[in-house]
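Peer 1: Shown below is the structure under consideration.
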Amino acid sequence: MRSGLLPLLTLLLGGAALSQLSRPQPDAKPPWLVALEASPLPPQPRLLPNDFALGESQQMALFSQLDAGDRQWQPQVTPIPGGGMRYTYKRISGEPPLTLEQIKALIVRPPRFDLERSAIRDLLLALRSSGVAVVLGQPRKVGAAGEWEPKRMVVRIRPDVPGKGSREFVRVLNHESIHVAQSCRNGSIHAQPVPLGLSRAVTARQLRNLAAPLYAGATPRERALEEEAYANQHNLSLGRQLLQVHCRR
């Protein structure tokens with residue numbers, strides 16, 4: 001009896017093992033997906049309650065505000081009672097006054113801000129690619145047109161700045177982008193900014209800005225950072241280039 005049962009028992013066990021092996025196994029995840037799931041999510045910007053984020057979908061609304069601001073730079077002509085015409089225009093502080101011929105030429109061909117608009121698009125894209133949120137919101141420091149908060153990963157621009165037009169908005173945005181690059185130069189986008197080694201040759205108008213109460217308590221390092229940003233903010237391609245070099249994610 002024992003000799004007759006042993007082969008049958010062996011056959012049954014072998015069949016069970018074969019059935020187990022032939023059962024379909026779940027698909028194994030590829031190594032790249034395992035590594036991606038195990039890696040921590042990148043930090044996200046932290047906005048304040050009144051911050052209005054200028055994401056990609058809000059760009060059209062921003063440019064509408066800039067359009068209204070840009071129209072303010074077009075000279076106006078109005079008739080004077082009794083005869084004659086009055087010409088009025090806005091002039092940036094420190095710029096020489098326009099001649100009547102120049103004013104008339106600007107009425108026929110209003111100023112365009114294509115270069116500034118292109119720079120704004122490039123800067124917004126470069127900042128988003130670096131993980132930085134650009135928002136319209138009230139800066140913490142009284143009198144500031146913009147600020148860079150490394151801990152929150154937020155560039156904050158005062159809400160009234162777009163209404164001043166593309167030329168003013170891009171200047172503020174480029175200024176703050178230089179500060180972002182100064183943080184990245186210190187090893188992390190969350191780091192405190194350090195000088196990049198750029199020129200610090202500021203203009204007389206910029207010196208007056210730096211003499212404002214806003215900078216009264218600035219340390220020598222903070223003064224150096226601001227001088228660097230002010231001296232280079234009018235180079236509209238520089239902010240984007242600095243972000244690409246120093247803030248790669």
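Any read-out appearing in this document is the output of simple, stated calculations on the displayed coordinates, not a laboratory observation. These numbers were taken from a predicted model, which means no experiment stands behind them. Using ideal geometry, Cβ is built from the backbone for each residue, glycine included, and neighbour counts are taken over all protein chains shown.
Peer 1: Just in region 103-143: which trypsin sites (Lys or Arg not before Pro) are loop by DSSP and have at most 15 other Cβ atoms within 10 Å? Could the numbers behind the result be given before it?
Peer 2: Details: sites: 104, 112, 117, 121, 128, 140, 141; in loops: 112, 140, 141.
In loop regions of region 103-143 (DSSP not H, G, I, E or B), the sparsely surrounded trypsin sites (Lys or Arg not before Pro) are 112, 140, 141.
Peer 1: Using θ = phi - 60° and the Karplus form 6.51 cos²θ - 1.76 cosθ + 1.60, what ³J(HN,Hα) does each residue of region 65-77 get, whole Hz, x for Gly and Pro?
Peer 2: 5, 5, 4, 5, x, 5, 5, 5, 8, 8, x, 10, 10
Peer 1: Kindly provide the trypsin sites (Lys or Arg not before Pro) of region 196-248 that DSSP labels as loop, not H, G, I, E or B, and whose Cβ sees at most 15 other Cβ atoms within 10 Å. It would help to have the intermediate numbers written out before the result.
Peer 2: Values: sites: 200, 205, 208, 221, 223, 240, 248; in loops: 200, 248.
Answer in residue order: 248.
Peer 1: A further question follows. Is the C-alpha gyration tensor of region 95-249 telling us rounded, prolate or oblate? Criteria: a/c under 1.5 is rounded; beyond that, a/b larger than b/c is prolate, otherwise oblate.
Peer 2: Working: a/c = 1.87, a/b = 1.46, b/c = 1.28.
Since a/c reaches 1.5 and a/b is larger than b/c, the shape of region 95-249 is classed as prolate.
Peer 1: Is there a pair in 90/151; 90/141; 104/141 whose C-alpha atoms are over 29 Å apart, and which pairs would that be? Before the final figure, lay out the partial values.
Peer 2: Details: 90/151 38 Å; 90/141 27 Å; 104/141 41 Å.
In this structure, 90/151; 104/141 exceed 29 Å between Cα atoms.
Peer 1: Turning to a different aspect of this structure: Less than 12 Å Cβ to Cβ from residue 95, Lys/Arg counted +1 and Asp/Glu -1: what total charge do the surrounding residues give? Kindly include the intermediate steps, with their values, before the conclusion.
Peer 2: Details: positive: 90, 91, 167, 205; negative: none.
That works out to +4.
Peer 1: A further question follows. Taking the Cβ of residue 110 as the centre, find all other residues whose Cβ is under 13 Å away and add up their charges (Lys, Arg: +1; Asp, Glu: -1). Numbers along the way, then the final one.
Peer 2: Working: positive: 71, 90, 104, 109, 112; negative: 67, 70, 114.
Local net charge: +2.
Peer 1: Residue 248 to residue 140: extension gain in nm, 0.36 nm per residue of separation minus the Cα-Cα distance?
Peer 2: Details: separation 108, 0.36 × 108 = 38.88 nm, distance 2.77 nm.
Extending this stretch completely gives an extra 36.1 nm.
Peer 1: Hey, another quick one. In nanometres, what is the gap between the two model label sites at residue 61 and residue 221, each 7 Å from Cα along Cα-to-Cβ?
Peer 2: Placing both labels 7 Å along Cα→Cβ, they lie 3.8 nm apart.
Peer 1: Which whole-Hz ³J(HN,Hα) couplings does region 226-237 yield from phi under the Karplus relation 6.51 cos²θ - 1.76 cosθ + 1.60, θ = phi - 60°, glycine and proline marked x?
Peer 2: Using θ = phi - 60°, the values come out as 5, 4, 5, 5, 5, 5, 10, 5, 7, 7, 5, 8 Hz.
Peer 1: Read phi for every residue in region 115-123 and hand back ³J(HN,Hα) as whole Hz from Karplus 6.51 cos²θ - 1.76 cosθ + 1.60, θ = phi - 60°, with x for Gly and Pro.
Peer 2: Values per residue, Gly and Pro as x: 5, 5, 5, 4, 5, 4, 4, 5, 5 Hz.
Peer 1: Just want the ordering: 88, 203, from fewest to most Cβ atoms lying within 10 Å of their own Cβ.
Peer 2: Working: 88 9, 203 12.
By the 10 Å Cβ count, ascending, the order reads 88, 203.
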